[in-house]
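Inspection log for the structure reproduced underneath, given as structure tokens.
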Amino acid sequence: MRSISRLLPAVFVSAALALVGACLPSANASGEALAQVEAEFRAAIQRLTPATVIVVPQRARGGRAGFSSGVIVSKDGLVLSDGDAGLVFRQREGKQVRVRQDAVNVRVPNPETGAFRTYRARVLFRNTTVDTSLVKILEPPPRGFIHVPPGHSDQLRVGDFALAVGSQTFEDGGTQPALTAGIVASFEHNKAGSKEGRYAYIFISAAVNEGVNGGPLVDLDGRLVGTISTYLTPEEDEPFQFLGKAVPMDRIRAAMVDVPEAQKLFAAKVPAGEPNTPAHALEAVFRAAAKATHPAVVSLVIDRKRPVSGSSPLGQKTIDMPRFRGPVSGILLTQDGHVATSLYNVTNVASLVEPFWEAPDDADVDGGVADVEAAVVHLAGGGSAPAELVGVDTRYGVALFKADPDALREAGGADVLPTLASAPASAFQRGRFVLALGNPFGAKRRPTPLLTMGILSKRHPDTAAAPWRGQWQTDAAGLDSNAGGPVIDIEGRLVGMLTLWLPAKHGRNSGIAFVLSQEELMASARFLMEGGARQRGFLGVEFARGIAPVLQNVIDGSSADDGGLEAGDRILAIDGHPTGTLIDAVTVIRHRTAGETVRVRYQRGDETLETEFTLGTRPEED
């Protein structure tokens, strides 16, 4: 019997793509589709911008005032904001304390002029647990305000577009809201039958920061489905770290059930949407592709002697980066139970990025791998099996585990294991849509994966002086919890594996994550299955003291010796990288592994020469 997961892309994705085509009868469907999707986004922005406001305390003397974004939700000036609306920091007995006052000002923007008008207002309701406030503008204009109608959040699905807006600054000259777009990545669910609705929180891939706290989250139809919350600190094992977080609209409704002004507001009928638009059709494509590939996205619980180190270089300093301590994501690669994940999930890889970093003992790559004692593979559809670490590949950033396939099939109740079809070469183009899938939930079953969306941003050259050379970069949100999971195209085919290298430098959910192509992923997996082990490359030269990369000695029998390098030669470039300094030259070599070929251009007297060298292995020290 064929795997059901292999049939799903044909059923779901084809239907969703057909929906896009049905929306656009023109011959130039793809171009018109993009134009109509952009038009839908612009329309949502136009509705949202005039209603996105800033809430600041009135007459905040003797302390520093905070500010909150907010959204006008009624014609007569009701505003939803975060639980810190009216926040003032005051000094009391030598300590700074937080005071929330009810007298506030609301700054309402004028999109045409870029200026704003300030209105006196009062906080009617505040709930810091739900991180929400209801504010009333005291003297609204006769014509009332442009506003965003409150909607419902329970209908949201993973893969739906979500627009997050907030006023990140409140300069005296103006206050133009900033907008970010993303998709619903996941939810934290309430218990069944909760009066607060289905969801406790909505997690989105849209980039948010503290400046948009309290700002609106809207769907494509311009309905308010939540407010942004950035002040709720996650636990170290929370799988949604570094994603945008929003308080669902239905939870806000429940929190204000006894507030008279809110009762009238929420009694109004929610405007109907337009489900048959190109943008909604694209949402359906995302959901279909995610559902199709979800069974092949596994969760790995790794037992270790000690947690993966958070030590990381940042400039000239070593810092301790927070690390996710929960289950990690992986890809079921083969029918015989091989599971790949990012090496980042297994050990500290910072020294592979910064070879001159004096890493502390707990950040040793090999030591972190040796700390792995056992692992369990959890299938997305239910069922688990123990797994062993087969090996790691420092060149490509891959860790390979092996579970008993019979145990996995029995645990999952399937005749065959769900694996992914490979994306064709045409999928690897800058600007192509990709979806990043994660399963950081362990034994907990979820109907959908953790999902982020983006594009392929660029391909780093094969000669780059970095461990991600040859890998693609994507702006799909890269997190600790989805690193190691698959990156797919919109037809549910495997593009590659999502990975992180140095979040201290690149950030998380920052627009920079890396994709190891499925071709290189499978090549690395085969290498590890055959017992291969990568070793750092060794050219066999010693440099003279100083800044310039001048050779002091060439080691007998080394690659450099066999290729004809001599003491006194000055290295000009390696694999096309200019080597103006000794550090430049050493950096390129240290990012290569034994068996790789490098092209070295060097100067000997007045002559410039160029030779290829196959790197050897570093001799063991006595």
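The values are calculated or read from the model by the stated rules, or taken from the named source; none is laboratory data. If you're wondering where the values come from, they're calculated on a predicted model, not measured in any experiment. Glycine also receives a Cβ, built like all others from the backbone with ideal geometry; neighbour counts cover every protein chain displayed.
This table checks each residue for (1) outside the structural domain of residue 491 (by TED's automatic domain parsing); (2) more than 15 Å from residue 339 (Cα to Cα); (3) at pLDDT 95 or above.
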residue	(1), (2), (3)
359	no, yes, no
373	no, yes, yes
376	no, no, yes
390	no, no, yes
397	no, no, yes
400	no, no, yes
411	no, yes, no
414	no, yes, no
426	no, yes, no
- Residues of segment 325-346 being of a type in the set (Gly, Ala, Ser) and assigned to a strand (DSSP E or B), which ones? 329, 330, 340, 342
- Residue list for segment 229-271, restricted to those being modelled with pLDDT under 90, under 24 Å from residue 155 (Cα atoms) and β-branched (Val, Ile, Thr): 230, 270
- strands (runs of 3 or more DSSP E) lying entirely in segment 84-135 (those with 3 or more residues that are over 26 Å from residue 179 (Cβ atoms)): 87-92, 95-100, 116-127
- Message: residue 434 - would you say it is over 23 Å from the mean Cα position of the chain (by Cα), touching a residue at least 24 places away in the same chain (Cβ under 8 Å), within 28 Å of residue 238 (Cα to Cα) and outside any loop (DSSP other than H, G, I, E, B)?
- Response: no
- Item | strands (runs of 3 or more DSSP E) contained entirely in segment 191-310, each with at least 1 residues that are buried (at least 19 other Cβ atoms within 10 Å of the Cβ), among the acidic types (Asp, Glu) and in contact with a Lys or Arg (Cβ under 7 Å, 6 or more places away or on another chain) | none
- Message: On the basis of being on the phi < 0 side of the Ramachandran plot and assigned to a strand (DSSP E or B), does residue 143 make the cut?
- Response: no
- Query: Can you tell me how many residues in segment 428-441 are modelled with pLDDT of 95 or more and not aliphatic (A, V, I, L, M)?
  - Reply: 4
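A quick yes/no check of all residues on (1) in contact with a helix residue (DSSP H, G or I) (Cβ under 9 Å, 6 or more places away or on another chain); (2) within 26 Å of residue 435 (Cα to Cα); (3) among the small types (Gly, Ala, Ser):
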| residue | (1), (2), (3) |
| --- | --- |
| 269 | no, no, no |
| 288 | yes, yes, yes |
| 296 | yes, yes, yes |
| 305 | yes, no, no |
| 314 | yes, no, no |
- Message: Restricting to segment 524-550, count the residues that are in contact (Cβ under 8 Å) with a residue 40 or more places away in the chain and not charged (D, E, K, R).
- Response: 14
- How many residues does segment 88-110 hold that are under 36 Å from the mean Cα position of the chain (by Cα), surrounded by fewer than 16 Cβ atoms within 10 Å (Cβ to Cβ) and polar (S, T, N, Q)? 2
- Of 418, 386, 322, which residue is over 30 Å from residue 595 (Cβ atoms), in a loop (DSSP other than H, G, I, E, B) and more than 24 Å from the chain's Cα centre (by Cα)? 418
- Just wondering, is there one or more residues in segment 355-378 that are under 22 Å from the mean Cα position of the chain (by Cα), of a type in the set (Gly, Ala, Ser) and outside any strand (DSSP E or B)? no
- Note on the structure: Counted residues in segment 485-498 being assigned to a loop (DSSP other than H, G, I, E, B) and either within 12 Å of the chain's Cα centre (by Cα) or not assigned by TED's automatic domain parsing to the domain that holds residue 454 (or both) come to 1
- Query: Based on what the data block shows, is residue 154 touching a residue at least 40 places away in the same chain (Cβ under 8 Å), buried (at least 19 other Cβ atoms within 10 Å of the Cβ) and of a type in the set (Asp, Glu)?
  - Reply: no
- Message: Looking at segment 423-441, can you tell me whether even one residue there is more than 23 Å from residue 522 (Cβ to Cβ), of a type outside the set (Phe, Trp, Tyr) and surrounded by fewer than 18 Cβ atoms within 10 Å (Cβ to Cβ)?
- Response: yes
- Message: Condition (residue is surrounded by 21 or more Cβ atoms within 10 Å (Cβ to Cβ), under 32 Å from the mean Cα position of the chain (by Cα) and assigned by TED's automatic domain parsing to the domain that holds residue 213) applied to segment 111-120: is it met by at least one residue?
- Response: no
- So, in segment 66-79, of the ones that are within 12 Å of residue 224 (Cβ to Cβ) and within 28 Å of the chain's Cα centre (by Cα), which residue ends up surrounded by the fewest Cβ atoms within 10 Å (Cβ to Cβ)? 71
